[in-house]
């Protein structure tokens with residue numbers, strides 16, 4: 001029997017005041033029930049969660065974990081670490097309690113992994129996408145073929161991979177290598193073009209195809225990233241490049257989640273750089289053959305995640321790395337066309353630093369949503385937290 005521990009942080013009263021505004025058709029916004037801690041261990045910097053609900057109602061949260069470098073007397077924790085690995089915790093009671101000891105999803109034998117993104121298919125199969133960095137000594141870096149991407153000294157970008165599980169995440173096969181995007185310019189430490197990668201939600205479309213918006217380093221000087229669409233017709237075993245999603249000569253697009261509307265449009269919610277942290281959107285009306293020009297959404301925040309609610313509206317959540325630091329959300333109409341006017345909800349505004357965010361939401365039951373993210377409060381270590389919302 002798995003042991004559970006209740007780790008509740010800053011519980012908000014169910015009757016506490018919360019920003020409620022009228023949405024399209026007179027529907028009201030969700031009500032915040034409480035905040036909770038999903039996983040916290042002072043020995044680790046924990047970040048970048050994703051969450052699914054299993055067919056039996058069990059919640060599964062995957063995240064990236066790395067040693068807390070401040071515990072060793074180092075000045076800070078980086079988002080690139082040779083010991084970073086992918087783990088998961090679970091809850092069988094709607095998020096009230098969570099497993100204490102994370103299960104290992106994957107530790108890449110060649111480097112540190114990032115941002116596990118879960119997708120649960122209709123047949124119960126789980127996919128987990130990630131990407132990783134390899135760590136080279138100075139003489140190895142000096143011998144690398146150009147161009148390559150080095151984020152921190154010796155940390156060389158190696159591109160994406162994905163894993164599969166057919167038993168609910170007990171065992172994982174892989175890593176499997178996705179295709180290279182035609183616009184990708186960077187090489188990995190072996191001198192090969194880096195495989196496609198991304199942080200963001202994939203989807204299984206209503207026709208059974210899988211859609212995955214990935215990033216590519218289209219320009220290296222200055223370094224700019226663009227996005228492209230990959231499609232799988234065999235439940236994620238293989239992927240094919242379809243089209244470009246968003247690119248620009250001065251701005252970058254990356255960390256994108258994709259969503260399919262009831263009408264069948266594919267909507268890409270894009271993180272940006274060099275656009276004053278503006279959230280952006282791009283839309284495909286032809287099943288992913290092409291995307292219309294990207295648009296600014298009119299507000300700041302990143303990255304974004306979209307969840308369909310029972311009434312067909314869309315809960316759009318995002319991190320807010322401006323004072324007051326925290327997590328925010330909007331509720332869009334079914335076709336995601338009212339993003340410029342949808343009112344903003346503040347889920348958390350108690351973050352200590354900008355090292356937080358990356359929300360991912362799931363329906364816990366027909367009336368409640370769990371928004372998972374990573375957070376820091378009071379100068380403490382980054383941990384996996386959540387907010388429970390009630391629909392009304």
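The values are calculated or read from the model by the stated rules, or taken from the named source; none is laboratory data. Here the structure is a predicted model, which is why all the values come from computation and not from measurement. Using ideal geometry, Cβ is built from the backbone for each residue, glycine included, and neighbour counts are taken over all protein chains shown.
What to note about this one:
- Residue tally, condition modelled with pLDDT of 95 or more and surrounded by 20 or more Cβ atoms within 10 Å (Cβ to Cβ), over segment 204-226: 12
- Enumerated strands (runs of 3 or more DSSP E) restricted to segment 186-289, each holding at least 1 residues that are under 18 Å from residue 115 (Cα atoms) and under 22 Å from the mean Cα position of the chain (by Cα): 210-220, 223-232, 252-260, 266-273
- All positions within segment 360-374 that are without any contact (Cβ under 8 Å) to a residue 60 or more places away in the chain and over 16 Å from residue 60 (Cβ atoms): 366, 367
- In segment 68-105, residue surrounded by the most Cβ atoms within 10 Å (Cβ to Cβ) [restricted to those that are without any contact (Cβ under 8 Å) to a residue 24 or more places away in the chain and not in a loop (DSSP other than H, G, I, E, B)]: 104
- The listed residue being modelled with pLDDT of 95 or more and touching a helix residue (DSSP H, G or I) at 6+ places or on another chain (Cβ under 9 Å), out of 191, 154, 160, 169: 154
- Filter result for residue 178 (over 30 Å from residue 307 (Cβ atoms) and crowded, with 19+ Cβ neighbours inside 10 Å): no
- Residue match in segment 294-309 (condition: at pLDDT 95 or above, at negative phi and out of contact with any strand residue (DSSP E or B) (no Cβ under 7 Å at 6 or more places or on another chain)): no
- Some residue of segment 353-372 being assigned to a strand (DSSP E or B), at positive phi and modelled with pLDDT of 95 or more: yes
The rows are residues; the columns are (1) touching a residue at least 24 places away in the same chain (Cβ under 8 Å); (2) surrounded by 13 or more Cβ atoms within 10 Å (Cβ to Cβ); (3) under 20 Å from the mean Cα position of the chain (by Cα); (4) within 13 Å of residue 61 (Cα to Cα).
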| position | (1), (2), (3), (4) |
| --- | --- |
| 107 | no, yes, yes, no |
| 110 | yes, yes, no, no |
| 115 | yes, yes, yes, yes |
| 120 | yes, yes, yes, yes |
| 131 | yes, yes, yes, no |
| 136 | yes, yes, no, no |
| 139 | no, no, no, no |
| 146 | yes, no, no, no |
| 149 | yes, yes, no, no |
